[in-house]
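Asker: There's a structure below that I have some questions on.
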Amino acid sequence: MIGIFDSGLGGLTALKELRSLLRDEDIVYFGDTGRVPYGTRSRETIIKYAREDMRFLMTHSVDAVLVACGTVSSTALDIISAEFDVPIFGVIDSAAKAALRATKNGRIGVIGTNATIGSGAFERSIRSHAKNYSDGKREPEIYSVACPLFVPLVEGGFITPGDEITLAAARRYLSPLAASGIDTLILGCTHYPIISWAISAALPGITLISSGRAAADDLAARITSGEIKTKNPEGGSVHCYVSDKTEDFEAIASIFMGGERIDSVSKIDIEKY
Ligand code: DGL
């Protein structure tokens, strides 16, 4: 059983990928929809939420956890990794490596929440891995921009391609990046691939790296190779839990998962964990 958590819907970008790669694996997903967004909150609050999210997933005897949230991955991964006796993976290193593989001109953009961009975690990771992917490429130049309105837009359902509000927000945040000459952009928040159409409209021709997808690919490879062992998969069940009403999650999840199976969506009181 693999546990995945995010502040809300964004982690579905990782769930969808993991599901398509490991069809027999049982997955439990928690989206903290009652407390989203995380990315505008203090470090202390993000750590408190991450601990509660982990305690909830541990009640399902998970064999590994994917923190499908750039905000928690950049703020609290070390802390929860030290506190919980289960392999825990974040999205930062996987996305940084995928961007280093993809870039041709060494200019990499990073977008994420205020907390993620403020932490500098992606920049550190890109710089620390750059030499392994250099292949004669230049030292990476990194351009980072926080896009705090993107998460409320996704959670609010402003995800239909062409939506004018989402397009306007994308142009406002991303037009400064257009002048930087980046050829690769890390979507450092797992919500952002859901509005990749708007990001591509603002930054045409740029390779987008989904951090949730990159992390899911890495975790799936570790499970397939036997490095991470999971016990008794029972046929690829997917159970989702949220901390607010289930209807909104179900509606957006079904669009986003595009027919992929979700067995159940239930509401829990996360403050109890
Ligand atoms: N999906 C989360 C992330 O990757 C969104 C954070 C938030 O709730 O602000 O950062």
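The values are calculated or read from the model by the stated rules, or taken from the named source; none is laboratory data. Treat the numbers as computed from the prediction; the structure is a model and nothing was measured. Remember, those area values only see protein heavy atoms, side chains included, never the ligands or the DNA or RNA. Shrake-Rupley method; radii C 1.70, N 1.55, O 1.52, S 1.80 Å.
Asker: From the backbone phi of region 182-191, what are the Karplus-calculated ³J(HN,Hα) couplings (6.51 cos²θ - 1.76 cosθ + 1.60, θ = phi - 60°) in whole Hz, Gly and Pro given as x?
Answerer: Listing the rounded values in order: 5, 10, 9, 10, 7, 7, x, 10, 6, 6 Hz.
Asker: Counting only protein heavy atoms and a 1.4 Å probe, tell me what percentage of region 2-146's accessible area is made up of carbon and sulfur. Intermediate results must be reported in sequence, preceding the final value.
Answerer: On the way: 2370 of 5230 Å².
Accessible surface attributable to carbon and sulfur in region 2-146 totals 45 percent.
Asker: Using only Cα atoms, find the angle between the long axis of helix 164-178 and the longest principal axis of the chain, and express it within 0 to 90 degrees, rounded to the nearest 10.
Answerer: Its long axis makes an angle of about 50 degrees.
Asker: Next question. From the helices alone, meaning DSSP H stretches of at least four residues, give me the mean residue ellipticity at 222 nm for the chain, per-run term -39500 (n - 2.57), in deg cm²/dmol to the nearest 500. Show your work: numbers first, answer last.
Answerer: Values: 12 runs with 119 residues, N = 273.
Result for the chain: -13000 deg cm²/dmol, rounded to the nearest 500.
Asker: Considering the Cα trace of region 175-230, what is its radius of gyration and what is Dmax, both in angstroms?
Answerer: When restricted to Cα atoms, region 175-230 yields Rg and Dmax of 14.7, 46 Å.
Asker: Using all Cα-Cα distances in region 69-197, what percent lands in each 10 angstrom bin from 0 up to the longest?
Answerer: Each 10 Å bin holds this share of Cα pairs: 13, 40, 33, 13, 1.
Asker: Could you give the distance between the Cα centres of region 33-99 and region 191-234, to the whole Å?
Answerer: Answer, in whole Å: 16.
Asker: Grab the Cα-Cα distance for Ser20 and Val145, subtract it from 0.36 nm times how many residues apart they are, and report the gain in nm with one decimal.
Answerer: Numbers: separation 125, 0.36 × 125 = 45.00 nm, distance 3.07 nm.
Answer, rounded to one decimal: 41.9 nm.
Asker: For a quick check of understanding: with a 1.4 angstrom probe and all protein chains in place, what accessible area in square angstrom does Phe158 have, to the nearest ten?
Answerer: 80
Asker: A follow-up question, please. Divide, for region 1-124, the radius of gyration over alpha carbons by 2.2 N^0.38 Å, where N is the residue count. Intermediate results must be reported in sequence, preceding the final value.
Answerer: Working: Rg = 14.4 Å, N = 124, 2.2 N^0.38 = 13.7 Å.
Normalised Cα radius of gyration, region 1-124: 1.05.
Asker: Could you tell me the ratio Rg/Rh of region 122-273? Both radii from Cα atoms, Rh via Kirkwood.
Answerer: Working: Rg = 18.5 Å, Rh = 18.3 Å.
Radius of gyration over Kirkwood radius for region 122-273 works out to 1.01.
Asker: Roughly what angle does helix 246-257 make with the longest principal axis of the chain, taking Cα atoms, 0 to 90 degrees, to the nearest 10?
Answerer: So the helix axis and the longest Cα principal axis differ by about 50 degrees.
Asker: Roughly speaking, what is the stretch gain from Thr160 to Met257, that is 0.36 nm per residue apart minus the C-alpha to C-alpha distance, in nm to one decimal? If you can, show how the numbers build up before the last one.
Answerer: On the way: separation 97, 0.36 × 97 = 34.92 nm, distance 1.43 nm.
Taking 0.36 nm per residue and subtracting the Cα distance, the gain is 33.5 nm.
Asker: Further, regarding this structure: Straight distance only, please: which lysines reach the Cα of Lys131 with their own Cα at less than 20 Å, same-chain residues fewer than 8 apart left out?
Answerer: Candidates past the 8-residue exclusion: Lys97, Lys104.
Asker: If you average 1/r across every pair of different Cα atoms in region 105-175 and take the reciprocal, what Kirkwood value do you get, in Å? All intermediate terms of the calculation are to be shown ahead of the outcome.
Answerer: Details: mean 1/r = 0.0722 Å⁻¹.
Hydrodynamic radius (Kirkwood, Cα pairs) of region 105-175 is 13.9 Å.
Asker: When the solvent-accessible surface of protein heavy atoms is calculated with a 1.4 angstrom probe, in what order do His239, His191, His129 fall, highest first? Mind showing how you got there, number by number?
Answerer: On the way: His239 65, His191 0, His129 30 Å².
Reading off the accessible areas and sorting them downward yields His239, His129, His191.
Asker: Can you tell me which of Ile27, Ile92, Ile223 moves the most in a GNM of the chain? Springs connect C-alpha atoms under 10 Å apart.
Answerer: Checking each option, the largest mean-square fluctuation is seen for Ile223.
Asker: For the chain, find the longest principal axis of its Cα atoms and tell me its angle to the long axis of helix 43-58, 0 to 90°, nearest 10.
Answerer: With rounding to tens, the tilt is 40 degrees.
Asker: When ligands, DNA and RNA are left out and all protein chains stay put, how many square angstrom of accessible area per residue does region 38-153 have with a 1.4 Å probe?
Answerer: Details: 4750 Å² over 116 residues.
For region 38-153, the solvent-accessible area averages 41 Å² per residue.
Asker: Collect residues whose amide H, placed 1.01 Å from N in the peptide plane, falls under 5 Å from the amide H of Thr33; neighbours closer than 5 in sequence don't count.
Answerer: The answer is Ser243, Asp244.
Asker: Here is a further query. ³J(HN,Hα) across region 204-214 via Karplus (A = 6.51, B = -1.76, C = 1.60, θ = phi - 60°), whole Hz, x for Gly/Pro?
Answerer: Once θ is set to phi - 60°, the couplings for region 204-214 become x, x, 9, 6, 9, 10, 7, 5, x, 5, 4 Hz.
Asker: Right, here's the next one. What share of Cα pairs, in percent, lie more than 22 angstrom apart in the chain? Please report the intermediate quantities before stating the final value.
Answerer: Values: 19572 of 37128 pairs.
Here the long-distance tail beyond 22 Å is 53 percent of all Cα pairs in the chain.
Asker: Mind checking the alpha-carbon convex hull of region 205-273 and giving the volume per residue in Å³? Before the final figure, lay out the partial values.
Answerer: Details: hull volume 11.9 nm³, N = 69.
Spread over its residues, the Cα hull of region 205-273 gives 172 Å³ apiece.
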